[in-house]
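**Student:** Following this message is one structure expressed as structure tokens.
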Amino acid sequence: MEHACPSGTTSYPAAKRAFNCLSTYHDNGNRGHSVGLRQGRTGSSAFGYLHALQDHGLDEQSIGTVIVNNAAGVSQGNSCFLYGLRYEVNDVGILAVEVIEDRKPSSASPDNYKLGVVTAYCKGYDQCPPGVNESLP
């Protein structure tokens, strides 16, 4: 399910560490468009894996599962695309997990690869309820 990052998108120094690519996932059953997952950061300019994990409670496996199990992202009318799945979670019921990808490079990044996952969250929640990551296959 997880794929390697493009050459030249890892091992950045501390000032640019947020742009380190961690992995990529391909939509359409792991055969389609490649979606990058960068380390990211929390705070005022939050994005990427750390934003999804610390601010919303979604781990990398859950993010990858959502991407792989979509035929393609749904355009949001800009360079961003939405991936989403609904899951039943014990003690919560059915909830939607969404991932937003930006297919445009960031001007702050040291590479020209698309920014990738901007955020991932459980729709309707600030923090995903307990058990969400364990419920996603």
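The values are calculated or read from the model by the stated rules, or taken from the named source; none is laboratory data. What you see is a predicted model; the values in this text were computed from it and never measured. FYI the Cβ positions are ideal-geometry reconstructions off the backbone, even for glycines, and counts take in every protein chain you see. Keep in mind that these areas ignore ligands, DNA and RNA; they rest on the heavy atoms of the full protein, side chains included. Shrake-Rupley method; radii C 1.70, N 1.55, O 1.52, S 1.80 Å.
**Student:** Order 66, 74, most accessible first, counting only protein heavy atoms with a 1.4 angstrom probe. Write out the running numbers ahead of the final one.
**Tutor:** Working: 66 0, 74 85 Å².
Order by accessible area, largest first: 74, 66.
**Student:** Taking all protein chains in place and a 1.4 Å probe, what share, in percent, of the accessible surface of the chain do carbon and sulfur account for?
**Tutor:** With neighbouring chains kept in place, the figure for the chain is 48 percent.
**Student:** Give the long-range amide H neighbours of residue 118: residues separated by 5 or more places, or on another chain, with amide H under 5 Å away, using H modelled in the peptide plane at 1.01 Å from N.
**Tutor:** For residue 118, the qualifying residues are 48, 100, 101, 102.
**Student:** Related question: Which net charge results for the neighbourhood of residue 118, defined as the other residues with beta-carbon distances under 9 angstrom from its beta-carbon, given Lys and Arg at +1 and Asp and Glu at -1? Write out the running numbers ahead of the final one.
**Tutor:** On the way: positive: none; negative: 101, 102.
Its environment carries a net charge of -2.
**Student:** I've got another one for you. Return the long-range amide H neighbours of residue 32 (sequence gap of 5 or more, or a different chain), with a cut-off of under 5 Å between placed amide H atoms.
**Tutor:** Those lying under 5 Å, H to H, from residue 32 are 27.
**Student:** How large is the translational diffusion coefficient of region 23-137 in µm² per second when you combine the Kirkwood radius over alpha carbon pairs with Stokes-Einstein at 37 °C and 0.692 mPa s? Don't jump to the answer; show the numbers that get you there.
**Tutor:** Details: Rh = 14.1 Å.
Here the translational diffusion coefficient equals 233 µm²/s.
**Student:** To continue, here is another question. When the dipole is taken about the Cα centre of region 87-137, and only Lys, Arg (+1) and Asp, Glu (-1) are charged at their Cβ, what size is it in debye, to the nearest 20?
**Tutor:** Magnitude of the dipole: close to 280 debye.
**Student:** Just name one of 93, 3, 54: the one whose Cα is farthest towards the positive end of the charge dipole of region 1-120 (beta-carbon charges, Lys/Arg +1, Asp/Glu -1).
**Tutor:** 3
**Student:** Putting +1 on Lys and Arg Cβ atoms and -1 on Asp and Glu Cβ atoms, find which of 115, 133, 65 reaches farthest to the positive end of the dipole of the chain.
**Tutor:** It is 115.
**Student:** I've got another one for you. For region 2-134, with only Lys/Arg (+1) and Asp/Glu (-1) charged at the beta-carbon, what is the dipole magnitude about the Cα centre, in debye rounded to 20? Mind showing how you got there, number by number?
**Tutor:** On the way: 10 positive and 13 negative charges, 114 e Å.
Dipole magnitude for region 2-134 comes out near 540 debye.
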